[in-house]
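Below is one structure, written out as structure tokens; the observations come after it.
Please treat every number below as a calculation from the coordinates, not as lab data. All figures in this text were calculated on a predicted structure; none of them were measured in a lab. Cβ sites come from the backbone with ideal geometry, for glycine too, and all protein chains shown count toward neighbours.
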There are 2 protein chains.
Amino acid sequence: MAAEPPSSASPGHFALERGAAVAPRAGLLSTGHGVVRTPAFMPVGTQGTVKGLSPADLRAAGTQILLSNTYHLMLRPGAELIRSFGGLHHFMAWDGPILTDSGGYQILSLKERVKITEEGVAFRSHLDGRPELLTPERAMEIQADLGVDIAVTLDHAILLPASPEEVRDAGERTIRWTERSLGHAKTLDTPTGLPQLHFAIVQGGGDPALRAEMAARTAAMACDGFCLGGLSVGETKEETWILAAAATAALPADRPRYLMGMGTPIDLLDGIARGIDLFDCVLPTRNARNGMAFTHEGPINIRNAAHARDPRPLDAECGCEACAEFSRAYLRHLHVAGEILAHRMLTLHNVTFYQTLMAGARAAIERGAYDEYHRAVTHRYRERAAASGDSGPGGREPSGDNS
Amino acid sequence: MAAEPPSSASPGHFALERGAAVAPRAGLLSTGHGVVRTPAFMPVGTQGTVKGLSPADLRAAGTQILLSNTYHLMLRPGAELIRSFGGLHHFMAWDGPILTDSGGYQILSLKERVKITEEGVAFRSHLDGRPELLTPERAMEIQADLGVDIAVTLDHAILLPASPEEVRDAGERTIRWTERSLGHAKTLDTPTGLPQLHFAIVQGGGDPALRAEMAARTAAMACDGFCLGGLSVGETKEETWILAAAATAALPADRPRYLMGMGTPIDLLDGIARGIDLFDCVLPTRNARNGMAFTHEGPINIRNAAHARDPRPLDAECGCEACAEFSRAYLRHLHVAGEILAHRMLTLHNVTFYQTLMAGARAAIERGAYDEYHRAVTHRYRERAAASGDSGPGGREPSGDNS
């Protein structure tokens with residue numbers, strides 16, 4: 001078993017415990033609200049809540065760290081209000097680590113309501129049309145007000161395909177904004193008084209060479225970790241991994257890497273194999289509300305008539321409340337009848353499934369058997385998925401929040 | 001403190017423990033799934049779930065007995081399916097007592113899609129328009145299939161105002177249907193093998209004399225308890241209590257009385273003062289989803305801007321998860337953002353509030369101080385309610401299910 005980190009580990013400390021330095025790797029990331037054992041999956045709590053779940057549910061599901069969102073919280077209820085409550089942890093009653101995305105991606109999804117200049121991103125709120133300006137500095141101020149453990153720098157995100165000039169331009173701007181973000185962040189304090197880590201986003205579009213260059217230039221800055229951004233935005237899965245690998249090869253091994261906004265259970269295992277330490281994705285939560293449950297034998301859709309009389313739990317190997325208490329038949333009835341408890345229970349199950357998958361991956365890395373774990377889980381999951389249809393597209397939460 | 005009932009108490013046994021035989025009274029109602037300490041409030045689980053809450057939540061809120069609905073469950077997922085799962089308790093994973101309404105009231109709300117004959121109620125499903133016939137016999141068969149602890153006979157419900165002829169006709173038909181229901185129920189068995197209690201509905205429209213006559217004629221039948229039906233359907237609150245009192249005065253003291261489908265916290269206390277033992281109402285659950293929370297100082301609406309920065313819990317005297325964990329400001333944020341957790345937490349709080357109110361009422365009856373309790377709670381609740389607007393109309397769940 002892995003040793004506990006020394007109690008003197010200060011926030012920002014990242015210790016590699018097992019596995020190769022490059023991949024796969026098991027680490028300990030120290031934050032102001034505790035240590036995250038990596039690889040780790042962050043459920044998405046866009047508006048300061050993981051839809052349907054209480055903090056106690058998230059703990060029971062094995063969640064170590066949550067993701068929330070700068071863009072959404074700045075608009076509603078507002079960073080100043082959350083700061084006055086002592087920060088997001090107090091406001092939402094979650095005492096574990098929190099990372100916030102900087103909002104660049106959500107603003108990207110606003111499309112025509114956005115104008116990017118060197119100063120920052122001018123946009124209109126999706127809630128009331130009010131004009132807003134998010135600069136690199138303001139993004140960090142908001143995240144300092146939220147008091148989150150890990151703040152992310154503002155980037156210039158683009159959709160693929162894009163011209164080489166557009167990609168280079170957005171990449172260079174991201175580098176400049178990262179410098180501004182990190183510089184300004186040093187001047188800020190949090191409502192908790194706890195130190196904040198700062199992760200920088202590596203962009204670079206669809207060009208592996210540019211990805212590598214951007215990664216190397218970002219690595220030269222004094223950030224606590226790296227986010228791989230602008231992936232899974234239109235390119236093929238094979239291209240995604242080529243681009244991710246180009247970036248990680250240029251990153252130092254001693255800081256954590258976070259792959260933003262993807263993906264399926266298989267994506268997570270594939271990402272771990274490539275040296276990714278942190279993940280987030282809306283799939284387990286959003287798809288739960290559409291009736292999809294992830295299981296060890298692949299995804300199932302509870303709306304399917306095949307489940308109408310099925311007395312089995314969603315997943316016989318799962319110990320979550322949904323699987324301990326309820327049959328597929330009952331959950332199907334709830335879903336078809338539009339009952340809240342269906343959304344809540346499928347969400348609880350899916351988050352538990354993701355966390356169990358990650359805990360298994362870490363244990364496999366610790367015992368030096370990740371390849372076998374990766375292969376066995378993937379094989380079993382895909383066998384059934386091939387029979388029942390796949391899990392649908394991955395993705396990050398857009399501005400409209402369907403996380 | 002009240003003594004525990006003798007373990008030999010068979011289902012259907014109703015023992016008055018404290019208070020006057022007429023009102024207010026504290027009783028013990030034995031069922032196949034345990035003893036209910038009365039007076040008791042039944043949260044409404046129309047479709048086999050109390051919207052947003054798990055069975056564990058319902059227990060934590062102090063719930064002893066649930067209400068579910070024959071009409072809704074016969075249409076979806078179907079009584080035969082639930083029987084095949086060993087009954088509704090197994091299907092929904094609730095091991096406490098369950099009472100089902102017979103469906104007459106829900107069908108009434110279908111209006112033009114209903115035709116009542118002596119045989120029964122012909123109607124079209126609100127889900128798919130399929131023609132259905134609910135006879136007194138079928139109502140009991142469905143409830144036997146559901147395996148609920150307390151089944152309710154089919155009645156001919158009407159809306160007020162109605163002509164004396166209509167009221168008399170519906171009342172006489174209800175008497176005949178009650179006889180048919182009770183006679184047929186004796187021939188049925190439940191999937192659990194546990195005995196079932198049978199409650200008969202007392203109708204009589206807006207005429208106190210007819211209410212008394214119907215009560216006396218129903219009391220002459222071999223039923224285990226009485227439901228006061230057709231109240232709170234258009235008449236004033238004063239009229240409601242005159243009609244209820246006319247009925248209860250003609251009922252024997254040694255069988256429980258259930259006031260169907262109402263009401264506010266004050267209604268419950270007023271009903272207990274008049275000898276009512278069981279209540280159900282959609283208010284705590286439905287209003288929770290509209291942002292209304294019941295508190296010891298009257299109802300509040302969490303959408304109100306006054307709560308935007310309020311760090312206090314919904315109710316400082318409540319120990320539920322919502323009040324222990326979250327501020328009004330956070331719950332308001334969740335509600336305004338349309339988050340499921342708002343519905344879940346306000347529902348949990350409101351059910352806890354209702355159950356705490358009932359537990360307090362029973363304790364007051366036990367120590368011979370109900371009048372003081374009734375007066376003090378009502379005074380405090382109304383003071384604030386007068387300042388902030390009242391709790392809105394009461395009501396039972398209609399066919400469309402907004403319970």
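Ranked highest first by the average count of other Cβ atoms within 10 Å around their residues, in what order do A:24-35, B:302-313 fall?
The most tightly packed comes first, giving A:24-35, B:302-313.
Name every cysteine in chain B that ends up alone, with no second cysteine's Cβ under 4.7 Å, or say none.
Isolated Cys, chain B: B:Cys223, B:Cys227, B:Cys281, B:Cys320.
Please identify every one of the GluC sites (Glu not before Pro) in the range A:250-354 that sits in a loop by DSSP and has no more than 14 other beta carbons within 10 Å of its own beta carbon.
Filter output for the range A:250-354: A:Glu317.
Less than 30 Å apart at the alpha-carbon level, and either on another chain or at least 8 residues along: which lysines does that give for B:Lys111?
Output for B:Lys111: B:Lys51, B:Lys237.
Apply the Karplus parameterisation 6.51 cos²θ - 1.76 cosθ + 1.60, with θ equal to phi minus 60°, to every residue of the range B:254-260 and state each ³J(HN,Hα) to the nearest whole Hz, in sequence, with x for glycine and proline.
So the J values, rounded to whole Hz, are 8, 10, x, 10, 10, 8, 7.
Where the label is 7 Å out from Cα toward Cβ, how close does A:Asn402 come to the same position in every other copy, in nm, shortest first?
2.6
Find, to one decimal place in angstroms, the Kirkwood hydrodynamic radius of the protein assembly as shown, where the mean of 1/r is taken over every pair of different Cα atoms and then inverted.
28.7 Å
How big is the Kirkwood radius of the range A:254-381, worked out from every pair of different alpha carbons and given in Å to one decimal?
15.2 Å
³J(HN,Hα) across the range A:37-45 via Karplus (A = 6.51, B = -1.76, C = 1.60, θ = phi - 60°), whole Hz, x for Gly/Pro?
7, 9, x, 9, 10, 9, x, 8, x
Provide a whole-number value for the mean count of partner chain Cβ atoms within 10 Å of the Cβ atoms in peptide A:85-92.
3
Starting from the Cα gyration tensor of the range A:155-293, take the square roots of the eigenvalues, sort them a ≥ b ≥ c, and report rounded, prolate or oblate (rounded when a/c is under 1.5, otherwise prolate if a/b is larger than b/c, else oblate).
Cα axes put the range A:155-293 in the oblate bin.
State, to one decimal in nm and shortest first, how far the label point of A:Ala56 sits from each corresponding label point in the other identical copies (label point: 7 angstrom along Cα-to-Cβ).
Once sorted, the set of distances for A:Ala56 reads 0.8 nm.
If amide hydrogens are placed 1.01 Å from N in the peptide plane, which non-local residues have theirs closer than 5 Å to the one on A:Gly27?
For A:Gly27, whose amide H was placed from the backbone, the distant partners under 5 Å are A:Glu17, A:Thr38.
Enumerate the amide H contacts of B:Leu160 below 5 Å, restricted to partners 5 or more residues apart or on another chain; note that Pro and chain-start residues carry no placed amide H.
none
Per-residue mean of other chain beta-carbon atoms within 10 angstrom of the beta-carbon, peptide A:325-338?
Mean shielding count: 5.
Sum -39500 (n - 2.57) across every DSSP H segment of at least 4 residues in chain A, then divide by the residue count to get the 222 nm mean residue ellipticity, nearest 500.
-12000 deg cm²/dmol
Would you please calculate the Kirkwood hydrodynamic radius of chain B over all C-alpha pairs and express it in Å, rounded to one decimal?
Computed over chain B, the radius equals 21.3 Å.
Return the whole-Å distance between the Cα centroid of the range B:88-143 and the Cα centroid of the range A:119-162.
First find each Cα centre; the distance between them is then 54 Å.
With θ set to phi - 60° and the Karplus curve 6.51 cos²θ - 1.76 cosθ + 1.60, what are the ³J(HN,Hα) couplings of the range B:339-356 in order, to the nearest whole Hz, using x for Gly and Pro?
7, 4, 4, 4, 4, 4, 6, 5, 5, 4, 5, 5, 5, 4, 4, 4, 5, 5
Is the shape of the range A:1-150 rounded, prolate or oblate, going by the alpha carbon gyration tensor and its root eigenvalues a ≥ b ≥ c, with a/c under 1.5 for rounded and a/b larger than b/c for prolate?
prolate
Ordered by packing density, taken as the mean number of other Cβ atoms within 10 Å over each peptide's residues, highest first, how do B:220-228, B:329-337, B:246-254 rank?
With the highest mean Cβ count within 10 Å placed first, the list reads B:329-337, B:220-228, B:246-254.
With each label point set 7 Å from Cα along the Cα-Cβ vector, what nm distance links A:Asn304 and A:Arg375?
Reported label-point gap for A:Asn304 and A:Arg375 is 2.8 nm.
Over chain B, what relative contact order in percent results from Cα pairs under 8 Å that are six or more residues apart?
Averaging sequence separation for qualifying contacts and normalising by length gives 19 percent for chain B.
Put the label 7 Å from Cα along Cα→Cβ for A:Ala216; what are its distances to the other copies, in nanometres, shortest first?
Going from nearest to farthest copy, the values are 10.1 nm.
Please compute the average number of Cβ atoms from other chains found within 10 Å of each residue's Cβ in peptide B:340-347.
5
Amide H of B:Cys227: which non-local residues (sequence gap of 5 or more, or other chain) have their own amide H closer than 5 Å, using H built in the peptide plane?
Distant-sequence amide H within range of B:Cys227: B:Ala200, B:Ile201, B:Val202, B:Tyr258.
Rounded, prolate or oblate: which fits the range B:141-208, taking a ≥ b ≥ c as square roots of the Cα gyration tensor eigenvalues, rounded meaning a/c under 1.5, else prolate when a/b beats b/c?
prolate
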